[in-house]
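Nothing in this text is a laboratory measurement; each read-out follows from the coordinates by a stated rule. From a predicted model like this one, the values you see are computed outputs, not experimental measurements. We place every Cβ from the backbone using ideal geometry, glycine too, and count neighbours over all the protein chains shown.
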Amino acid sequence: MTFLLAVLTALLLLPASGRATAPDETAAGNLSPASLPVRGLAIEAPKPAGLDAFLHFIEDDLAPAGFNLLILRVDWNYAYECHPELRDPDPLSRNDVKRIVALCRRSGIRLVPQINLLGHQSWATQTHALLRAYPQFDETPSVKTENYTSWPNADGLYCKSYCPLHPEVHDVVFPLVDELCDAFEADAFHAGMDEVFYIGMDECPRCHGRDKAELFAGEVTCIHDHLAEKGRQLMIWGDRLLDGRTTGLGEWEASYNDTWRAVDLIPKDVFICDWHYERADLTGIYFATKGFPVAECGYRNPAVCRQQIRDMVRFRQQTTPETAALLQGYIHTIWSGADSFLRRYNAMKAGQDPTDSGRRPYDADRDDVRALMEVMAAFTERDTD
Ligand SMILES: [Zn+2]
């Protein structure tokens, strides 16, 4: 009887006609962040040595705070069977991943793995695994990462890209995507695709002279269609789809290299992660009115993160049910290594100094820890206003 009651209750709570939310969740008066369909965290996957601490973090912190989405940047930190040459040293094993999968399932958290595709194939002087093993995929082979000094530089080098028109690149990349999604038992995959500065470059014999928006859209669509064959959704960062010159948004946060017109060229079920770290920009509405499911994404400014959550709740309340259903929620981002972040997070939680002498340059002392704690508090509050 109890079971039957539970089933009936669950059926009654199911959204109508496949929409992400029931209409009454966006009704006036419901200003609770807990009503957001997506309450997420995007963070680097731990190394095997940090896995236990990471599992504790999911179980003891994320789940109780109501997170229901975890995007893990795995990249080359997995023991790929299809391309072992692309494994980082000491990668996560399949069994390691299965421990994360089991815990997230138990905790009601949707798990989405990420590999940076197209852009972010290098960082500063380091070229990452794909272009190390397959230098023929490099969009700008004349640019040498070992010569990188700082930004700006004569090469315009921020991160390298692979050439989306190389005839063999997807033969390498898609088996990796499939193997990772299978291991994570995932119904969605995050392909990154942010901050692509090198695209349609003059030196590339395939891309030279082509429309950059069409090149970007072509790659998004190609990945989308591959995932769709197995019923999986594509998630990407939104910056390449925003017009930097018109909006005044920065060169990283929006596109100054003409990719932004791709917003009208890609499938409408691509999930857009709309990141803004310095201000709570209102571009989530732009994506939703274009027809995309979208989440706002914040990072290390607690007040901005709080505002983004508040805005998303209010947008959902103030728009039509059709638009509200696309305004999916908020995904917090952490950009330091998962292990170093958790050391600082746990220290601060215990009332200790979170300074980590081993931190990498992008770690932002205490601000990123404070911001996550602010988001956790917001998610567990009943009202934001
Ligand atoms: Zn090319």
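Some points to look at:
- Residue list for segment 277-311, restricted to those being more than 21 Å from VAL263 (Cα to Cα), touching a Gly at 6+ places or on another chain (Cβ under 9 Å) and part of a helix (DSSP H, G or I): VAL304, CYS305, ARG306, GLN307, GLN308, ILE309, ASP311
- Output for segment 46-63, where each listed residue is in contact with a strand residue (DSSP E or B) (Cβ under 9 Å, 6 or more places away or on another chain) and farther than 18 Å from MET373 by Cα: PRO46, LYS47, PRO48, LEU51
- When the criteria are applied in full, GLU296 meets the requirement of being touching a helix residue (DSSP H, G or I) at 6+ places or on another chain (Cβ under 6 Å) and in contact (Cβ under 8 Å) with a residue 24 or more places away in the chain.
- Number of the exception - PHE216 against (1) over 19 Å from ASN116 (Cα atoms); (2) within 16 Å of the ligand (Cβ to nearest atom): (1)
- Residue satisfying condition, being surrounded by 17 or more Cβ atoms within 10 Å (Cβ to Cβ), within 16 Å of the ligand (Cβ to nearest atom) and at positive phi, within set MET201, MET193: MET193
- Single residue of segment 130-162 satisfying the filter (part of a helix (DSSP H, G or I) and hydrophobic (A, V, I, L, M, F, W, C)) that is surrounded by the fewest Cβ atoms within 10 Å (Cβ to Cβ): ALA133
- Considering residues of segment 145-187 that are acidic (Asp, Glu) and under 25 Å from the mean Cα position of the chain (by Cα) only, the residue nearest to GLY209 (Cα to Cα): ASP171
- Subset of segment 188-230 (residues that are touching a strand residue (DSSP E or B) at 6+ places or on another chain (Cβ under 8 Å), charged (D, E, K, R) and not in a loop (DSSP other than H, G, I, E, B)): GLU219
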